[in-house]
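The structure appears below as structure tokens.
The values are calculated or read from the model by the stated rules, or taken from the named source; none is laboratory data. These numbers come from a predicted model, not from an experiment. Cβ coordinates were reconstructed from backbone atoms using ideal geometry, including for glycine residues, and neighbour counts include every protein chain displayed.
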Amino acid sequence: MPELDAIRGIAILLVVYYHGFSWSYGKWHFSRAGQVFVQLSSGGWLGVNLFFVLSGFLITGILLDSKENANYFGRFYLRRALRILPIYYSLLLIQLILGWSTRSYFLLNVVFLSNLTSIFGVVASYGPLWSLSVEEHYYSVWPLIVRRLSQRQLAALASGLCIAPPILRGIWFGLGHTSGGGLHFYTWFVIDNLAAGSVLAILVRSQSRTVACRICVGLLIVGVVMGAVGAPYGIFRFGRIRSLVVAVFQLTFAGIFFGGLLLLFLLIGTSGWSRLVQWSGLKFFGYISYGLYLFHITLFSIYDVLAKRFWPKLLPTEERFELVLLRFVLAGGLAVGVSFLSRRYFEEWFLNKKKPFEAKYLAAAASKSG
């Protein structure tokens, strides 16, 4: 489904755009044009939630389609491990060796607890890793649930997981937790977007194309309305949450709108208009999205260190927004290059290791059916 690579491309570009501008310079005061540019990037952090919706959709689809296969669990976890772990653990080791990570933070990341560091009193020194922990928590239990439940039961449970986190976020906010950290990072507060993707995976396998079109239009309309109504309350801003409306509905809005966007891309991608959602540029960024997600902040940091030491005149200032753009282009471009090389010559090597195991599992399934 190449249109889903385009979705990945949109998600990673939103995240990189956010980290390159609003996350780094959101509190600076630039000229009017620069200020507008930075403000437009302030909602880019929601690209992570687009990744969540897409991950829930893909993982649930894979599990449903292989539910009756031999070595159901082995196939799934082996494929996930070969895709996620090599580059992930390589980054953790690099950070530890270079002194960019404490031992405590390293150990929490090893067991995918980086989104819960505040509970353990450990400072999270590398932001992007938290979302991988959330996804791994979902992956650890969802295959067992899919295996045991019927499709109807699974749809009911996934729908419940879309409803429960907003309620929990409202209760947490009502107890005085307004900093946004827990509401944005803890698995039980953000799992609703993954569950939304799971609901969509069940939907496209059980409903007609006409019904899917109607649901797509409905989700997009509701998402746009929620975004427009919630914008004055800060629904697009990351950080301290100042109202119950944002605490409850900020991530719900993301799940609804991105769910509609995912369905739209799927529907167009399987029609005569497929070229509209299969742009080569977006598919390229989707192809390198995992590495780019892991590496881009590292490359931004390396640029800052080198510029401070060797070319201080290249360090961004409030009077020269063009230096912010230069940093984004140079460091972001280098991050794209590193991510492409990683995908082509490192990640692909491990992905190719799936083939012998795939053959083994398929042979076992054929033998069992015979």
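All conditions but one from (1) within 18 Å of the chain's Cα centre (by Cα); (2) over 15 Å from Ile191 (Cα atoms); (3) loosely packed, with under 13 Cβ neighbours inside 10 Å; (4) not aromatic (Phe, Trp, Tyr) apply to Ile87; the one that does not is (3). Of all residues in the range 68-83 being without any contact (Cβ under 8 Å) to a residue 60 or more places away in the chain and within 16 Å of Phe350 (Cβ to Cβ), which is surrounded by the most Cβ atoms within 10 Å (Cβ to Cβ)? Taking the candidates together, the pick is Arg80. Taking Gly197 as the residue in question, decide whether it is surrounded by fewer than 22 Cβ atoms within 10 Å (Cβ to Cβ) and either of a type outside the set (D, E, K, R) or within 16 Å of the chain's Cα centre (by Cα) (or both). Judged against the criteria, Gly197 is not a match. Evaluated against (1) under 15 Å from the mean Cα position of the chain (by Cα); (2) in a loop (DSSP other than H, G, I, E, B), Gly56 falls short on exactly one condition, (2). Looking only at the range 165-187, residues that are of a type in the set (A, V, I, L, M, F, W, C), over 14 Å from Leu251 (Cα atoms) and either modelled with pLDDT under 85 or surrounded by fewer than 17 Cβ atoms within 10 Å (Cβ to Cβ) (or both) come to 2 in all. Would you check if Leu116 is over 30 Å from Phe265 (Cβ atoms) and modelled with pLDDT of 95 or more? No. Between Gly272, Gly281, Gly255, which is under 26 Å from Val48 (Cα atoms), surrounded by fewer than 19 Cβ atoms within 10 Å (Cβ to Cβ) and small (Gly, Ala, Ser)? Exactly one of Gly272, Gly281, Gly255 is under 26 Å from Val48 (Cα atoms), surrounded by fewer than 19 Cβ atoms within 10 Å (Cβ to Cβ) and small (Gly, Ala, Ser), namely Gly281. Put simply, of Arg8, Arg79 the only residue that is under 21 Å from the mean Cα position of the chain (by Cα) and at pLDDT 95 or above is Arg8.
May I ask you to verify whether Val146 is in contact with a helix residue (DSSP H, G or I) (Cβ under 8 Å, 6 or more places away or on another chain), farther than 22 Å from Ile297 by Cβ, in a helix (DSSP H, G or I) and of a type outside the set (Phe, Trp, Tyr)? For Val146, the condition - in contact with a helix residue (DSSP H, G or I) (Cβ under 8 Å, 6 or more places away or on another chain), farther than 22 Å from Ile297 by Cβ, in a helix (DSSP H, G or I) and of a type outside the set (Phe, Trp, Tyr) - is met. Here the range 152-164 is the region considered, the condition is being more than 26 Å from Ala124 (Cβ to Cβ) and small (Gly, Ala, Ser), and the residue that is surrounded by the fewest Cβ atoms within 10 Å (Cβ to Cβ) is Gly160.
In the range 225-234, the count of residues that are closer than 18 Å to Leu161 by Cβ, within 21 Å of the chain's Cα centre (by Cα) and assigned to a helix (DSSP H, G or I) is zero. A search for C-beta distances below 6 Å between a residue of the range 147-159 that is within 18 Å of Ile191 (Cα to Cα) and any residue that is of a type outside the set (Val, Ile, Thr) and surrounded by 11 or more Cβ atoms within 10 Å (Cβ to Cβ), counting only pairs 6+ apart in sequence or on different chains, returns Ala158/Ala195; Ala158/Ser198. Residue selection: Leu92 fails the criterion of being in contact with a Pro (Cβ under 6 Å, 6 or more places away or on another chain), outside any loop (DSSP other than H, G, I, E, B) and more than 13 Å from Tyr290 (Cβ to Cβ).
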